[in-house]
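Take a look at the structure set out below.
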Amino acid sequence: MLHVIEHTLEESIRLLPFLLAAYILMEYVEHHMGDRTKRMIQTSGRFGPVIGSIAGIVPQCGFSAMAANLYSGGIITIGTLMAIFLSTSDEMLPVFLSQQAPLGLIAKILGMKVVIAAVVGFAVDFIWRKRYNHRREELHIHDMCEHEHCHCEDGILKSAVYHTVKIFVFILIVSFCLNLVIEWYGRDQLASLVLGQPVIGSVIAALVGLIPNCAASAIIAQLYLEGALTLGAMMSGLLAATGVGIVVLFKTNGSLRKNLTITVMLYGISVAAGWLIDMIGIFG
């Protein structure tokens, strides 16, 4: 047990400076680009899925929540909403950057998310052939920030430190549990058990991604970097991860049937995409 604790602390503590630097950069982008991004999404029209898929890959507190509000108010189409939900990365990017994952790999993963999100968004709009024009009172982004207690409006540094500590704790917990299992079961045996079941991996990872918390994507990214998930399984989890977007959708959109339909579509598309990625062996 002592060895597991030491190994976990050694692995995790060295990530702190990289994690903090990543969050400072992203908080700067969010504080200076948040309103502009919202206006761009609101006026995107038929090109909403491609614009939403590109904007969604930049981690921004409450971005998926904003998309849910805009959809509930009839401002964006269901296809644009799906594109944003699928492309939203949340904590994946800072976890990858903090562990110094190859930039080429990060770019390819984000590129896949954009392509999948845009294609699905256009397809859903084409099939749905319907826009919702009813208007509802819109929750503001700072309301969601207060709900998540993320201090997004208290300045770049304070918010970055808060996010760093929050995700560091999750990484610490996940790493400890994984190292404990590895110590007990064996790394090779664990890898063969998990990596040998990519279909089940995608099903489980997508379920984890649906958990309405930004930490879900951090856990999925960490498990992939530890070698416990295939690329496809990780993509299933990241595509399904919307942060608090799903929660806001159910809160602001009055149609339970449509909300459930969107959730089922999100989950099914995420699992199918993961299966396809593993089947064709993208990136080896």
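The values are calculated or read from the model by the stated rules, or taken from the named source; none is laboratory data. Keep in mind that what you see is a predicted model, and the values were worked out from it rather than measured. Ideal geometry is used to build each Cβ from the backbone, glycine not excepted, and the neighbour counts take in all protein chains shown. The area values use the complete protein model at the heavy-atom level, side chains included, leaving out ligands, DNA and RNA. Shrake-Rupley method; radii C 1.70, N 1.55, O 1.52, S 1.80 Å.
The set of residues in region 59-78 being crowded, with 24+ Cβ neighbours inside 10 Å and either within 16 Å of GLY237 (Cα to Cα) or at pLDDT 80 or above (or both) consists of SER64, ALA67, ALA68, TYR71, SER72, ILE76, THR77. Which one is most open to solvent (accessible area, probe 1.4 Å), of the residues in region 250-284 that are of a type in the set (Gly, Ala, Ser) and on the phi > 0 side of the Ramachandran plot? Per the stated criteria, the residue is GLY284.
Cβ separations smaller than 6 Å between residues 6+ apart or across chains give the following pairs from region 73-85 residues that are touching a residue at least 24 places away in the same chain (Cβ under 8 Å) and at negative phi to residues that are crowded, with 22+ Cβ neighbours inside 10 Å and outside any helix (DSSP H, G or I): PHE85/THR242. One residue stands out in region 215-261 among those that are touching a helix residue (DSSP H, G or I) at 6+ places or on another chain (Cβ under 6 Å), assigned to a helix (DSSP H, G or I) and of a type in the set (Ser, Thr, Tyr): the one that is nearest to VAL169 (Cα to Cα), namely SER217.
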